[in-house]
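Since the structure comes first, as structure tokens, the remarks are kept for the end.
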Amino acid sequence: MSGYIRPLQRGVSNFFNNLDDINVVLNDLLQLKLRNVIQDSGRFAINTTIGIAGIFDVASQFGLYKNHEDFGQTLGHCGVPTGPYLMLPILGTSNVRDAISLIPDTLMNPVFWIDDSETRFYIYALDNTNTRLYYMAAESLIKGDEYSFVRDAYIQRREYLVADGEVYDEWDEF
């Protein structure tokens with residue numbers, strides 16, 4: 001039975017990553033990243049059709065790898081400052097800019113538009129459980145002060161994502 005868990009878990013992750021690609025494309029558009037709009041739209045189309053609703057990540061085999069864009073990154077791209085770091089109940093790490101961006105990100109998520117509230121709740125619960133399982137695997141890497149580690153990792157990752165991987169390193173001058 002345990003041999004089925006990993007492929008099932010991967011399929012669930014792929015499905016939610018595929019749904020997220022809709023949000024990614026919209027944020028690509030808002031940031032005027034037209035090349036990424038085409039790539040991410042193609043990724044979504046391939047995974048939705050050939051990948052059976054995104055359960056299989058076929059697009060990566062064609063060189064169309066997952067991009068990560070959200071409305072917080074779009075606001076950062078437009079120069080909106082992060083504001084202070086926050087630890088939100090249930091939702092976890094954030095900052096003021098990213099916390100505010102949860103509203104448009106939620107509105108752009110197709111799950112939000114499901115009429116049946118019970119179905120919508122269960123899909124959100126599965127998505128959040130899947131995300132939590134992903135982070136649990138990384139928790140063993142935390143050494144020292146857990147709060148500081150998580151805060152610093154979150155801040156660095158968000159800076160990296162907003163800058164599309166081009167982060168200034170102050171130590172390069174030495």
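The values are calculated or read from the model by the stated rules, or taken from the named source; none is laboratory data. Bear in mind the structure is a predicted one, so any value in this text is a computation, not a measurement. Don't worry about glycine lacking a Cβ; one is built from the backbone with ideal geometry, like all the others, and counts go over all protein chains shown.
With 54, 72, 92, 76 as the choices, which residue is small (Gly, Ala, Ser), within 22 Å of residue 125 (Cβ to Cβ) and surrounded by 15 or more Cβ atoms within 10 Å (Cβ to Cβ)? Within the list 54, 72, 92, 76, the selection yields 54. Scanning the stretch 113-122 for residues being assigned to a helix (DSSP H, G or I) and either touching a Phe, Trp or Tyr at 6+ places or on another chain (Cβ under 9 Å) or charged (D, E, K, R) (or both) gives a total of 2.
The single condition from (1) at pLDDT 95 or above; (2) not basic (Lys, Arg); (3) not in a helix (DSSP H, G or I) that residue 45 fails is (3). If only residues of the stretch 103-130 that are free of Cβ contacts under 8 Å to residues at least 60 places away in the same chain and among the polar types (S, T, N, Q) are counted, the one that is farthest from residue 18 (Cα to Cα) is 117.
This table checks each residue for (1) modelled with pLDDT of 85 or more; (2) within 14 Å of residue 91 (Cα to Cα); (3) not assigned by TED's automatic domain parsing to the domain that holds residue 85.
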{"residue": "119", "(1), (2), (3)": "yes, no, no"}
{"residue": "122", "(1), (2), (3)": "yes, no, no"}
{"residue": "125", "(1), (2), (3)": "yes, yes, no"}
{"residue": "128", "(1), (2), (3)": "yes, yes, no"}
{"residue": "139", "(1), (2), (3)": "no, no, no"}
{"residue": "144", "(1), (2), (3)": "yes, no, no"}
{"residue": "152", "(1), (2), (3)": "yes, no, no"}
{"residue": "155", "(1), (2), (3)": "yes, no, no"}
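Among the residues of the stretch 13-43 satisfying the criterion of being among the polar types (S, T, N, Q) and free of Cβ contacts under 8 Å to residues at least 40 places away in the same chain, which is nearest to residue 110 (Cα to Cα)? Result: 18. Looking only at the stretch 57-69, count every residue that is outside any helix (DSSP H, G or I), more than 18 Å from the chain's Cα centre (by Cα) and surrounded by fewer than 14 Cβ atoms within 10 Å (Cβ to Cβ) and tell me the total. Final tally of qualifying residues: 1.
For residue 100, the test of being in contact (Cβ under 8 Å) with a residue 24 or more places away in the chain, among the β-branched types (Val, Ile, Thr) and surrounded by 11 or more Cβ atoms within 10 Å (Cβ to Cβ) is passed.
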